[in-house]
Amino acid sequence: MSQTPPPKTTPAKTTRPGTTGPETTGPDPRRWKALVFIALAQLMVVLDGTIVNIALPSAQADLGISDGNRQWVITAYALAFGGLLLFGGRIADLWGRRRTFIVGLVGFAVASAIGGLAANTGLLLGARALQGVFGALLAPSALSLLAVMFTDGKERAKAFGIFGAIAGGGGAVGLILGGVLTEYMNWRWTFFVNIPFAVVAAAGAVAVISEPAGGRNRSPLDVPGVVLSSLGLGSLVYAFTRAETDGWTSGATLGLFAAAAVLLASFVYVESRVSAPLLPLRVVTDRRRGGIYLSLGLAVIAMFGMFLFITYYLQVVKDYSPVVTGLAFLPMIAGMITGSTQIGARLMTRVPPRLLMGPGFLTAAVGMLMLTQLEVDSSYAGLIMPAQLLLGLGMGTAFMPAMSMATQGVQARDAGVASAMVNTSQQVGGAIGTALLNTIAASATTAYATSHAGTAAEQLKLEAMVHGYATAIWWAVGILTLASLIAFTFVNGGHGGSTVVAAGERDEAAADELAVPAMAH
């Protein structure tokens, strides 16, 4: 009796960028090598947010930058980066993440070279803005590449553990590196140091990075959305910058906040009406993702305030050098690496993300609570170091699952813009943290100095300054506690382990049906 042979099954095929034919779908065999270069690029972008701060006084003296223009060295980067992140994420979905990643790296290197060679204020400010433009391409493409390349739950937990540690600790690394370069070389090297980072990462990207086919969003670009989101986010970031310098009730500050509100409300309205939105509202209206974006933004507010106050405390009150100040942040980096790679990565596939994020932010709040006890003669080893360890441990534990889960359930073609929302929440959080907490600290300092007018002038100055820091840090404790509450309440759902990336060409209903849970970011 003859038997009909079973039908042959063919493995699903995909075409990877840079190849001419299809290949079998499955884990990319070069994904771990790719992670090295993605992480390197992420480190470059994150540390650039703080490395220039340390070098700014030297650059100001060398180029004769006025006090009025000094803030623009920081603000030009923040405005371009924060304002264009959503656009950068959409470009990554449209062009392909690998191509956008490489373009971002090359552009960032060129902008850094211009900054390092700048002979006047205009060139330096232009270079900083250009860094922000290419950073807005680079950051979301790096994160979304990671999301689509690591599809196994346990492997992705490890990959995002490394990425989360870098994202959280990169700012502190920037303080260390900025101090070393400024003290032993000169401020220009805080720009030049980006070039080898970018060259190595770009060469590695060309050699080993690929992405699955079918994940691009080839819909026409939403030009009104690009304009409204860029102007709205830029106005919001600039409003907080002006609040710090001009005051919260000045006409310019209030006008910028009003403009940001109108522009962003118009953006939401446009996105709800157009057929191919820059930011599909389904990305942010999901309860879990919305909770992740909000809690991350709040945590970054607290983190940036802590960076600012501890840096000033160590340099002004304790008279530490820039290098020693940078090295003083090492315990926090160690805590972040431990929390991200040894706690978050190991537990992400076993427990719901809220049980990592909520306790993580609470642990960081306890570390911040310790810093409210700062006094002029506080011990680094007895107070600041253990507080930093708790801060790092908590933030690392929380950041890792947050970044991994931030795009879970989105279609692959939305991965870039969902990644951009992670960076946007951090960028806006950083702007708010610097302006809000610095304003609170300044007000508390003035009030303390007024009420203790009989104290010796120099001692009073230091005591008032430290009192201002401690007061603002109390607010940071509350903000971290709120972030923890949001994580516990809104970040529902299962483990961050399993990931099936929804095909970019499927409609939303099919994607939701076939991709639960979908890819984690």
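The values are calculated or read from the model by the stated rules, or taken from the named source; none is laboratory data. None of these values were measured; they are calculated from a predicted model. Here the Cβ positions follow ideal geometry from the backbone for every residue, glycine too, while neighbour counts run over all protein chains shown. What goes into the accessible areas is simple: the full protein's heavy atoms, side chains included, and nothing from ligands, DNA or RNA. Shrake-Rupley method; radii C 1.70, N 1.55, O 1.52, S 1.80 Å.
Just to check I understand the Karplus step: with θ = phi - 60° and J = 6.51 cos²θ - 1.76 cosθ + 1.60, what whole-Hz values come out for region 356-365, glycine and proline as x?
9, 5, x, x, x, 5, 5, 4, 4, 5
Using the Karplus curve 6.51 cos²θ - 1.76 cosθ + 1.60 with θ = phi - 60°, what ³J(HN,Hα) values do you get for each residue of region 378-394, in whole Hz, with x for Gly and Pro?
Once rounded to whole Hz, the list reads 4, 7, 5, 5, x, 10, 5, 5, x, 5, 5, 4, 5, 4, x, 4, x.
How big is region 101-161 by Rg and Dmax over its Cα atoms, in Å?
Using the Cα atoms of region 101-161, the pair Rg, Dmax is 15.8, 50 Å.
Determine, at each q value in 0.13, 0.14, 0.15, 0.28 (inverse angstroms), the log₁₀ of I(q)/I(0) that the Debye formula gives when each Cα of region 354-423 is one equal point scatterer.
So the normalised log intensities are -0.50, -0.55, -0.60, -1.08.
So what's region 239-325 giving for Rg/Rh, alpha carbon basis, Kirkwood Rh from the mean inverse pair distance?
On the Cα set of region 239-325, Rg over Rh gives 1.15.
Do the sum for the chain: with -39,500 (n - 2.57) for every DSSP H run of n ≥ 4, divided by all residues, what is the mean residue ellipticity at 222 nm, to the nearest 500 deg cm²/dmol?
Only helices count here, giving -24500 deg cm²/dmol.
Taking the Cα atoms only, what angle lies between the long axis of helix 223-246 and the longest principal axis of the chain, rounded to 10 degrees?
Approximately 20 degrees, to the nearest 10.
Could you report the chain's accessible area per residue, 1.4 Å probe, as an integer in Å²?
So the chain comes to 39 Å² accessible per residue, rounded to a whole number.
Calculated from the structure, mean projected area of the Cα convex hull in nm² equals which of [x] 30.6; [y] 24.3; [z] 26.4?
Here mean projected area of the Cα convex hull in nm² agrees with entry [z].
Any idea what angle helix 415-451 forms with the longest principal axis of the chain, computed on alpha-carbon atoms, 0 to 90 degrees, nearest 10?
Here the helix axis deviates by roughly 10 degrees.
How much length is gained if the chain between Val376 and Asn186 is pulled fully straight, taking 0.36 nm per residue apart and subtracting their Cα-Cα distance, in nm to one decimal?
Value of the extension gain: 65.3 nm.
If a/c stays under 1.5 just call it rounded; otherwise compare a/b with b/c (prolate if a/b is bigger, oblate if not). Do that for region 85-221, with a ≥ b ≥ c from the square roots of the Cα gyration tensor eigenvalues.
Since a/c reaches 1.5 but b/c is at least a/b, the shape of region 85-221 is classed as oblate.
How many lysine pairs does the chain hold where the Cα atoms are under 29 Å apart and the two sit 8 or more places apart or on different chains?
Lysine pairs, 8 or more places apart or on different chains, close enough: 6.
Report the FRET efficiency, 1/(1 + (r/R0)^6), for Leu254 and Val223, where r is their Cβ-Cβ distance and R0 is 35 Å, rounded to 0.05.
0.75
Compute the Cα gyration tensor for region 17-168, then decide on rounded, prolate or oblate, letting a ≥ b ≥ c be the square roots of its eigenvalues: rounded whenever a/c is under 1.5, prolate when a/b is larger than b/c in the other cases, and oblate in all that remain.
Prolate is the answer for region 17-168, as a/c is 1.5 or above and a/b outweighs b/c.
Order 370-380, 294-304, 415-425 from most to least packed using the mean count of other Cβ atoms within 10 Å.
Listed from highest to lowest mean packing, they are 415-425, 294-304, 370-380.
Could you work out how far helix 251-271 tilts from the main Cα principal axis of the chain, as a 0 to 90 degree angle to the nearest 10?
On a 0 to 90 degree scale, this one is about 10.
Between Asp152 and Val366, what is the label-point separation in nm under the 7 Å Cα-to-beta-carbon projection?
If labels sit at Val366 and Asp152, their model points lie 3.5 nm apart.
Quickly rank 119-128, 146-155, 390-399 as a protection proxy: mean count of other C-beta atoms within 10 Å, highest first.
For the peptides 119-128, 146-155, 390-399, the packing ranking is 390-399, 146-155, 119-128.
For region 38-48, take each phi angle, set θ = phi - 60°, evaluate the Karplus expression 6.51 cos²θ - 1.76 cosθ + 1.60, and give the result in whole Hz per residue in order, putting x for glycine and proline.
Result, ordered by residue: 5, 5, 4, 5, 5, 4, 4, 5, 5, 5, 5 Hz.
Using 0.36 nm per residue of separation minus the Cα-Cα distance, give me the extension gain between Ala456 and Arg287 in nm, one decimal.
Residue separation times 0.36 nm, minus the Cα-Cα distance, leaves 55.4 nm.
For region 306-336 and region 63-113, what is the separation of their Cα centres, given in Å?
Each part's Cα centre sits 27 Å from the other's.
In Å and whole numbers, how far do the C-alpha atoms of region 238-388 stretch along each principal axis, longest first?
For region 238-388, the Cα extents along the three principal axes come out at 57, 50, 25 Å.
Using 0.36 nm times the number of residues separating Ala447 and Ser275, minus their current alpha carbon distance, what extension gain do you get?
Extra length available between Ala447 and Ser275 comes to 56.5 nm.
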